[in-house]
Structure formats: structure tokens, C-alpha cells
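Engineer: Encoded as C-alpha cells, here's the structure I'll be asking about.
The values are calculated or read from the model by the stated rules, or taken from the named source; none is laboratory data. Since the structure is predicted, the reported quantities are computational estimates derived from the model, not experimental observations. So basically every Cβ, Gly included, is an ideal-geometry build from the backbone, and we count neighbours across all protein chains shown.
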Amino acid sequence: MKLNVNCLVCNLKQTIKVTNMLKIDSKKQQEIIREVLLSLAEADFDKCNPEIMKNTWKIITRRTNTQDPYSEIKRKNNLQLLEVFDDVEEFINSSEDEFLSSLKIAIIGNMIDFAANDDFDCEGLNNILKDIKNKELAIDNSKLLFDGLKNSNKCLYIGDNC
């Protein structure tokens, strides 16, 4: 998908969110935002947002001297998610359709994107995991996918929220 104006807004929101999260002083935050805005002003609308966001992240990480601003959040959430690992494994192994159950877990896993999902929390995810047995996919092409995979020797799996 090509870059659009909403992507620019998302880049800017991400910059503000991360600099606030890192408790960057207001003067430095303004400098970082200004640099990102200058970069966005030159953005090529024929590119896709991940290409543009890559430069935004370079600016943020360089100016904040932080390679992964979300590292502490990820660490905490990974510890919480490990607590439900056995439940997830049991859910998949005990289901009638392990492939469909695995797809459901993969879909839930794709919700974990701290940059894109402002209101993500592990507690909410734990509730979704408990409730997933009774949920149907809105569009279920899992059998078609499974049949396609059976006849393939390679699979490229890409998940992104952008």
C-alpha cells in the first residue's frame, strides 16, 4: 500500500508517543519532532509507510540513544504471556482442528504491536485467549489455506499492522 496522509499522521503520533514514553525533555522532544517533520515533508508518496517509518525510527533511536524504546514493555508483557503459554498449547493440542486453532492464536499474536495498538494490554489479551474457543473467524478460509499449504514446500508468513 502506498503512503497516504494518514501514514504521516501515524509517524508523527509514534514520535510523540515514544518521546513521551521515554520522558524526553520538551526541548529535545521538539527537536526530534521537528526533524521527523522535515523528513516527512520530503516523503515519497510512491513508497509504502514501512519505508518511511524506517527513517522516522532512525531519527527517534539516534536522537534518544535508545535502540528499542519498547524493550521494557516487551519484557514485562512477555513475562505475562509466558504465564498463559501452557493454556495456549493445551488449547491448540486439544482442539478438533489444530490448524484453525493455531491460526486464531496467530491472529491474536498479531494484535501485539505496541507501536500501532495504543490500548494493548496483556490482561485484555488473556481474556481474549480464554474466550477464543467460542469465537469464529469473520472470514474463514482456513481449509483453503490448509489445502494450499499441504501441496506446498514453502510458506512465507508476514504479519504487519500497517
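Engineer: If you take the residues of the range 68-90 that are hydrophobic (A, V, I, L, M, F, W, C) and surrounded by 11 or more Cβ atoms within 10 Å (Cβ to Cβ), which of them is modelled with the highest pLDDT? Break it down stepwise before answering.
Structural biologist: Going residue by residue through the range 68-90, those that are hydrophobic (A, V, I, L, M, F, W, C) are 73, 79, 81-82, 84-85, 88.
Those left that are additionally surrounded by 11 or more Cβ atoms within 10 Å (Cβ to Cβ): 73, 81, 84, 88.
Working: 73: 83, 81: 80, 84: 81, 88: 87.
The extreme case among them is 88.
Engineer: Would you confirm whether or not the range 91-100 contains a residue that is modelled with pLDDT under 95, small (Gly, Ala, Ser) and more than 26 Å from residue 7 (Cβ to Cβ)?
Structural biologist: Within the range 91-100, one or more residues are modelled with pLDDT under 95, small (Gly, Ala, Ser) and more than 26 Å from residue 7 (Cβ to Cβ).
Engineer: Select the helices (runs of 4 or more DSSP H) contained entirely in the range 9-110, then report the ones holding at least 2 residues which are in contact (Cβ under 8 Å) with a residue 24 or more places away in the chain and over 30 Å from residue 134 (Cα atoms). Can you show your working first?
Structural biologist: Values: elements: 26-41, 49-64, 71-82, 85-93, 98-110.
Filter on the range 9-110 gives 26-41, 49-64.
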